[in-house]
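K.L.:
Here it is: the structure, laid out below.
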Amino acid sequence: MTARTSWRAALAACAVLVLGVLAWAALAPLDVASRDELFEIPHGTYARRMAGDRVEILPDTIRLTLGVKDVLLLRNLDEVPQVFGPALIMPGQSFRLPFERASTYSFACTAHASGQMNVIVEPGPDGPWQTLRWRARQLMRRWA
């Protein structure tokens with residue numbers, strides 16, 4: 001076998017491997033352990049804010065996906081109650097908010113420095129190309 005033939009065989013094997021991974025990513029069902037997307041308000045958040053520290057514990061925008069991660073779970077580990085939308089979350093309590101429609105939601109949020117938080121609920125992937133794009137976005141968010 002010549003070097004050129006070996007090179008072509010290795011390249012073909014790599015191409016088959018990449019295509020196999022892409023086919024799996026596009027066609028395999030999205031299986032998640034939980035549909036909850038957890039955000040915790042850490043102990044001492046209120047005290048740090050009262051001391052003048054600009055504490056950013058929650059993102060400005062939370063992104064959820066219908067059918068995959070479509071339940072927002074807020075856990076208050078702080079020693080004071082927190083308000084999220086119409087809910088009062090007491091110390092040590094959790095609040096689960098399931099979403100059934102793709103849309104952008106705005107909530108008043110005392111745990112957030114601006115007092116406001118947006119939740120963007122995106123439609124679930126429908127078909128192989130959308131599933132592939134969804135998996136790629138999840139990878140990019142983890143690396144960012």
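Every read-out reported here was derived from the displayed coordinates using simple, explicitly stated rules and does not represent laboratory data. All values reported here derive from a predicted model rather than from experimental measurement. Here the Cβ positions follow ideal geometry from the backbone for every residue, glycine too, while neighbour counts run over all protein chains shown.
K.L.:
Applying the selection to the stretch 117-140, what residues are in contact (Cβ under 8 Å) with a residue 24 or more places away in the chain and closer than 30 Å to R54 by Cβ?
P.N.:
The answer is M117, N118, V119, I120, V121, E122.
K.L.:
I need the full set of residues from the stretch 95-116 which are hydroxyl-bearing (S, T, Y), closer than 22 Å to R54 by Cα and surrounded by fewer than 16 Cβ atoms within 10 Å (Cβ to Cβ), in order please. Spell out how you get there, then give the answer.
P.N.:
Keep residues of the stretch 95-116 that are hydroxyl-bearing (S, T, Y), which gives 103-106, 110, 114.
Among the residues that remain, those that are also closer than 22 Å to R54 by Cα are: 106, 110, 114.
The answer is S106, S114.
K.L.:
Give the number of residues within the stretch 95-112 that are within 20 Å of the chain's Cα centre (by Cα), in a loop (DSSP other than H, G, I, E, B) and not aromatic (F, W, Y).
P.N.:
Residues meeting the conditions: 5.
K.L.:
Oh, and also: What number of residues within the stretch 62-83 satisfy the criterion of being touching a Leu at 6+ places or on another chain (Cβ under 6 Å) and under 29 Å from Q138 (Cα atoms)?
P.N.:
So the answer is 4.
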